[in-house]
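The values are calculated or read from the model by the stated rules, or taken from the named source; none is laboratory data. Keep in mind that what you see is a predicted model, and the values were worked out from it rather than measured. FYI the Cβ positions are ideal-geometry reconstructions off the backbone, even for glycines, and counts take in every protein chain you see. Please note that ligands, DNA and RNA were not included when accessible areas were found on the heavy atoms of the full protein model with its side chains. Shrake-Rupley method; radii C 1.70, N 1.55, O 1.52, S 1.80 Å.
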Amino acid sequence: MKKKFFYGWVNVFVLCCSYMLTTAPFVYAFGIVLPSMSADLGISIQTISGIYTAYALASALAAPFVGRLIHKIGPKAVILAGCTILTAASFLMTFRVSEIWLYGFTWILMFSVGIRCGSIMAGQVNLSRWFKRKRGLAISIVLSAGGVGGFLFTPLMRYINEAYSWKAVWFFVGGCDLLAFLLVLILLRDNPHTMRQLSDGDTVIRSATETASLPSASCNTGWNLQGALHQPMFYTLIFTMYSATYQMFLVSNFSISHLEQNGISSAGAAAAVSVFSIINITGRLSVGFFSKWVHPQKQVVLGSLLAMAGNFINAGNNGLWPVVTAHALCGIGYGILIVAPQVLLANIADPACYPEINGVFSLVSGILSSLPTAMIGALYHISGSYIPAWYAGAGIMVGTFLINVMAQRIYR
């Protein structure tokens, strides 16, 4: 009998495209348009950084609400709502934003909810329904799309910004969000039962009611929420996510300005950031592909060492090729650190309780992740240079290395 095609991999493809189109342009656009947007709107970089911090905090606070919404209406509907809000916010930035109050409204209320709904959180729940044995691989493949998007979109958006304006960049971001909406609407499927298929690693086809009720079922095979909150490993994963987020914000939002201030050409600075964007895919994919032989926690130890070295080199800034190498090291390290905690959480948490645990995990890690931009902005305001921010990044990676080494017994 001919084996039926497993539709779960179509979902992986759709979520790859959706994540790439919604997250990468949005994240990398901020650093590209920051100087020109600040000058045109008459808002200081420090104020814009503060609003960005408020956006990140609002997005974190929305995580539990979004988790409940995913359970109630399904991952697909939540992603579609997120793409709709992101599209509207991007077009608002293009055509209407001219005052600080409207800028703050767009970021703190619209972008925060849109990115939380339209990004990876709902996608992870979707993948957890389709995959069991290869869940880590599926998640790492989808998360690698962010690196591909950064590599493709960073030079393109920089060209758009220089040839046209920062408003044209936001128009491009809105177009990407609209395309993601269409892909998800047409191709994404929430549950295997709708395709008359088994989940990867499952032996019984669940009914629609059973599949939809999974998040509220009793937890029997792994962490429940109360158990997770009492596990030191849970907080180790959160700090690891924070260190990854600091690295990403430092590179995507401030690296170009830092390099240009230190004599690197605009093209060279963009090339270094592009190297970071494309090579972090290696780190992201390694977590899924090599976890059978190298535990993700051990990969985190290696990733923190690589990122630490990259931060130190960037602080020294000894020319184009050293900073390109440094961005490559930071990229591999970041790729590992951003994926491994999410894979470990999905593998350890009971599948029935995973959405609830992931909501709290996203809330706490998101609150911590709202700090880097303000921290970097404050260091720049005090010193007039981004060099202290790179040293701070190296110190954070040292902390990540130490807590993961000490926690090795917990991971066994």
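Being open to solvent by less than 20 Å² (accessible area, probe 1.4 Å), in contact (Cβ under 8 Å) with a residue 60 or more places away in the chain and of a type in the set (G, A, S) is the filter here; which residues of the range 32-63 pass it? If the condition is that a residue be open to solvent by less than 20 Å² (accessible area, probe 1.4 Å), in contact (Cβ under 8 Å) with a residue 60 or more places away in the chain and of a type in the set (G, A, S), then S49, A56, S59, A60, A63 are the ones that fit. With the requirement that a residue be of a type in the set (S, T, Y) and under 19 Å from F95 (Cα atoms), what does the range 126-173 give you? Within the range 126-173, Y164, S165 meet the criteria. In the set (1) open to solvent by 10 Å² or more (accessible area, probe 1.4 Å); (2) within 20 Å of Y380 (Cβ to Cβ), P232 fails one condition alone, (2). If you go through the range 310-325 and keep only what is free of Cβ contacts under 8 Å to residues at least 24 places away in the same chain and in contact with a helix residue (DSSP H, G or I) (Cβ under 8 Å, 6 or more places away or on another chain), you end up with G310, I313, G316, P322, T325.
Taking (1) modelled with pLDDT of 90 or more; (2) open to solvent by less than 30 Å² (accessible area, probe 1.4 Å); (3) under 27 Å from S144 (Cα atoms) in turn, A77 satisfies each apart from (2).
Residue-wise test of (1) surrounded by 22 or more Cβ atoms within 10 Å (Cβ to Cβ); (2) among the charged types (D, E, K, R); (3) without any contact (Cβ under 8 Å) to a residue 24 or more places away in the chain; (4) farther than 25 Å from A392 by Cβ.
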position	(1), (2), (3), (4)
R284	yes, yes, no, no
A328	no, no, no, no
L337	yes, no, no, no
A349	yes, no, no, yes
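Identify the residue in the range 64-74 that is open to solvent by less than 20 Å² (accessible area, probe 1.4 Å) and aliphatic (A, V, I, L, M) and, among all such residues, is farthest from A378 (Cα to Cα). Going through the qualifying residues, I end up with I70. Does V184 count as open to solvent by less than 10 Å² (accessible area, probe 1.4 Å) and in a helix (DSSP H, G or I)? In short, yes.
Hey, T400 hits all of (1) under 21 Å from the mean Cα position of the chain (by Cα); (2) hydroxyl-bearing (S, T, Y); (3) open to solvent by 10 Å² or more (accessible area, probe 1.4 Å); (4) modelled with pLDDT of 90 or more but one; which does it fall short on? All conditions are met except number (3). Of the candidates F171, F151, F105, the single residue that is hydrophobic (A, V, I, L, M, F, W, C) and without any contact (Cβ under 8 Å) to a residue 60 or more places away in the chain is F105.
Looking only at residues of the range 244-267 that are more than 14 Å from C330 (Cβ to Cβ) and of a type in the set (S, T, Y), we find that the one that is least open to solvent (accessible area, probe 1.4 Å) is S257. Would you confirm whether any residue within the range 268-281 is open to solvent by 10 Å² or more (accessible area, probe 1.4 Å), out of contact with any Lys or Arg (no Cβ under 8 Å at 6 or more places or on another chain) and free of Cβ contacts under 8 Å to residues at least 12 places away in the same chain? No. Only residues in the range 6-19 that are in contact (Cβ under 8 Å) with a residue 12 or more places away in the chain and within 19 Å of V78 (Cα to Cα) count as the first member; pair them with residues that are assigned to a loop (DSSP other than H, G, I, E, B) and aliphatic (A, V, I, L, M), Cβ under 9 angstrom, at least 6 apart or cross-chain, and list the lot. Listed pairs, sorted by first residue: V10/L188; N11/L188; V14/L188; L15/L188; S18/L188.
Residues that are surrounded by fewer than 18 Cβ atoms within 10 Å (Cβ to Cβ) and under 14 Å from T23 (Cβ atoms) are absent from the range 86-103. Taking (1) over 22 Å from L225 (Cβ atoms); (2) assigned to a helix (DSSP H, G or I) in turn, N318 satisfies each apart from (2).
Across the range 22-31, the qualifying residues are those that are open to solvent by 10 Å² or more (accessible area, probe 1.4 Å) and more than 19 Å from V125 (Cα to Cα), and the one among them that is farthest from the chain's Cα centre (by Cα) is Y28.
Matching residues to (1) under 12 Å from L143 (Cα atoms); (2) modelled with pLDDT under 85:
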residue: F6; (1), (2): no, yes
residue: V10; (1), (2): no, no
residue: L15; (1), (2): yes, no
residue: S18; (1), (2): yes, no
residue: V27; (1), (2): no, yes
residue: V33; (1), (2): no, no
residue: A39; (1), (2): no, no
residue: I45; (1), (2): no, yes
residue: Y52; (1), (2): no, yes
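The lone criterion from (1) at pLDDT below 90; (2) open to solvent by less than 70 Å² (accessible area, probe 1.4 Å); (3) in contact with a Ser or Thr (Cβ under 7 Å, 6 or more places away or on another chain); (4) not charged (D, E, K, R) left unmet by F151 is number (2). The residues of the range 100-134 that are in a helix (DSSP H, G or I) and among the aromatic types (F, W, Y), listed by number, are W101, Y103, F105, W107, F111, W130.
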